[in-house]
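The values are calculated or read from the model by the stated rules, or taken from the named source; none is laboratory data. Nothing here was measured: the structure is a model prediction, and the numbers come from that model. Because the Cβ atoms are built from the backbone with ideal geometry, glycine has one as well, and the counts that use them run over all protein chains shown.
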Amino acid sequence: MTPEIAHLRKQFAYDRWANARILGALELPRDKDELKMMIHIGQAAEIWLRRVQGQPARMPKPDGYDLPAVAAYLERWNDQWQAAVAGLTEADLGGTVSFSNQAGEEFTVLLRDVCTQIIIHGQHHRAQIARALRLKDVAPPPTDFMKYALSL
């Protein structure tokens with residue numbers, strides 16, 4: 001396995017860890033909006049993987065809207081991303097992914113940039129959730145990458 005593939009696998013493992021930590025801090029019905037954001041993280045992962053695989057990118061939905069169903073949804077797509085990354089070569093990462101957005105605009109991006117997008121997108125929304133929890137006087141769990149790296 002090349003260093004870049006190993007790095008991406010570690011990033012996706014981190015993403016799974018951080019998602020689980022945030023989900024563990026949520027309580028329903030108090031945090032229903034934050035749960036919706038976690039669903040959005042999974043939806044983006046699913047849409048991007050479908051694009052990478054050349055499949056139509058439809059608006060996905062989890063099997064349910066409770067904490068266990070959303071956790072399973074996020075884990076399923078993380079597992080699929082991990083499997084996809086494990087099968088890549090360095091050359092594959094330099095390949096392109098072509099897609100249309102919902103407005104019908106066409107784009108072509110590098111596969112390595114899609115992988116990075118998934119990780120950064122998730123962290124962006126987890127940070128929003130952490131802030132929302134703080135505003136509710138709930139201490140969110142730390143989800144920064146270094147906390148994860150030091151736990152290994």
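Does residue 97 satisfy the condition of being modelled with pLDDT of 95 or more, touching a Lys or Arg at 6+ places or on another chain (Cβ under 7 Å) and closer than 23 Å to residue 11 by Cα?
So residue 97 fits the description; yes.
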- Search the stretch 131-152 for residues that are farther than 16 Å from residue 33 by Cα and pair each with any residue that is loosely packed, with under 13 Cβ neighbours inside 10 Å when their beta-carbon atoms are under 8 Å apart and the residues are at least 6 apart or on different chains. 141/24
- Note on the structure: Expected output for the stretch 63-89 (first residue part of a helix (DSSP H, G or I), partner β-branched (Val, Ile, Thr), Cβ below 8 Å, 6+ apart or cross-chain) is 70/39; 73/39; 74/41; 81/118; 84/52; 85/5; 86/5
- Message: Please count how many residues of the stretch 72-112 are more than 20 Å from residue 61 (Cα to Cα) and of a type in the set (Asp, Glu).
- Response: 4
- Item | The lone exception for residue 108 - which of (1) touching a residue at least 12 places away in the same chain (Cβ under 8 Å); (2) surrounded by 12 or more Cβ atoms within 10 Å (Cβ to Cβ) it fails | (2)
- Query: Going by the conditions given, is residue 120 at negative phi, loosely packed, with under 14 Cβ neighbours inside 10 Å and within 11 Å of the chain's Cα centre (by Cα)?
  - Reply: yes
- Residue, nearest to residue 10 (Cα to Cα), within the stretch 100-131, restricted to residues that are part of a helix (DSSP H, G or I) and aliphatic (A, V, I, L, M): 119
- Of residues in the stretch 47-80 being under 25 Å from residue 106 (Cβ atoms) and aliphatic (A, V, I, L, M), the one surrounded by the fewest Cβ atoms within 10 Å (Cβ to Cβ): 59
- Message: I need the full set of residues from the stretch 24-66 which are modelled with pLDDT of 95 or more, over 21 Å from residue 117 (Cβ atoms) and hydrophobic (A, V, I, L, M, F, W, C), in order please.
- Response: 25, 26, 35
